[in-house]
Amino acid sequence: MNDTFNHLLFVIDAQYDFCHQKGALYVQGAQADMERLAIFIEKNGSHLDHIIATLDTHHIHDIAHPDFWEDAQGNPPAPFTPISAAEVEAGKWKPRFEPEKTLRYLQDLEAQGEFPHFIWTRHCIVGTKGAALEDTFATALQKWAKEQRKNFQTVEKGLYPFSEHFGVFQAQIPDPEVPYTQTNFALLQTLAQYQTIWIAGQAKSHCVATSLKQILDFAPHLAERLVVLEDCMSDVAGLGHLGKPIYERAKKMGVRFAKATELVL
């Protein structure tokens, strides 16, 4: 492989709403994670051949936002409310859009057995400050781009309102009629050009874990090239157990784990 394709930094959802203490869905510890990540970029920038940053991006009416749902009295669910297919069938919660499609989604999600359906605080709304890259990380990216005479790449996910899109490579439940939700093989091929793929971002328990799982599912030959920067990501409080099996599997497949503060490339 050409020496110019050694190191890729792959950053998941390092956005204002997740990483800033005033963000709509702040992940506890994420601001400090971004400070460590910025130092990593500053210290190792000349060795980073490419940087990809994913952008979680949603509409107001999204299946995981309160505005999508109502109870029997017409009230939306509070953030952090779980909603099950059985509760929808019983009339406890009613989707305001496409009820049959929504119920089928919940049933498919539960059969998948990875994440229960959860209502989040409305976050990363398309075109808003919350969807933008977090300031510390964004500044480090721009400085890197200027000094190295390279452009970083962004990849958007989450705009399809009828499915969670935790992992960047595929929606949680792909819609066969919506290519945007299906496997992003082109992005996987981009990753495959690099000998080492450094992974960071938010949240460790959800979008980082699922993106990692999707790499292992769709491109298992990349496992030994992956390095998780474990001090540049944090769990959604109380939900770290959801991602734990993915990281355990990753270790067994040869994925390495390191601390950005201890690395010099």
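Every number here is computed from the coordinates shown, using simple stated rules; none is lab data. The structure presented is a predicted model; accordingly, all values stated were derived computationally and were not measured. Reconstructed Cβ throughout: ideal geometry from the backbone, glycine too, with neighbour counts over all protein chains shown.
For the reader, a short list of remarks on this structure follows.
- Among V208, V255, V88, the ranking by other beta carbons within 10 Å of each residue's beta carbon, starting with the fewest, stands as V88, V255, V208.
- Part-to-part distance (alpha-carbon centres) for the range 224-244 and the range 37-56, which is given in Å: 18
- The structure-derived value of Cα extents along the principal axes in Å appears in the list (1) 43, 41, 35; (2) 79, 45, 27; (3) 59, 37, 31 under the label (3).
- Share of Cα-Cα pairs in the range 157-265 lying beyond 26 Å, as whole percent: 17
- Environment charge at L55 (Cβ cut-off 14 Å; Lys +1, Arg +1, Asp -1, Glu -1): -3
- Taking other Cβ atoms within 10 Å as a rough exposure proxy, T181, T154 sort from fewest to most as T154, T181.
- Between K244 and D175, the contour length at 0.36 nm per residue exceeds the Cα-Cα span by 22.1 nm.
- In terms of other Cβ atoms within 10 Å, D56, D231 run from fewest to most in the order D231, D56.
- Cα-based helix-to-principal-axis angle, 135-148 vs the chain, degrees rounded to 10: 40
- Student exercise, the range 66-112 dipole from Lys, Arg, Asp, Glu Cβ charges, in Debye to nearest 20: 40
- 22 Å Cα cut-off, lysine pairs counted over the range 68-179 (separation 8 or more, or different chains): 4
- Top of F166, F218, F40 by mean-square fluctuation, Gaussian network on the chain, Cα under 10 Å: F218
- Of all the options D217, D13, D235, the one that moves most in a Gaussian network model of the chain with Cα springs shorter than 10 angstrom is D217.
- The value of relative contact order for the chain, using C-alpha pairs under 8 Å at least six residues apart, is 26 percent.
- Largest mean-square fluctuation among S84, S46, S205, in a Gaussian network model of the chain whose springs join Cα atoms under 10 Å apart, belongs to S46.
- Computed from label points 7 Å out along Cα-Cβ, the spacing between D108 and K22 is 3.9 nm.
- Each of K101 and S46 was given a label point 7 Å from its Cα along the Cα-to-Cβ line. The distance between the two points is 5.2 nm.
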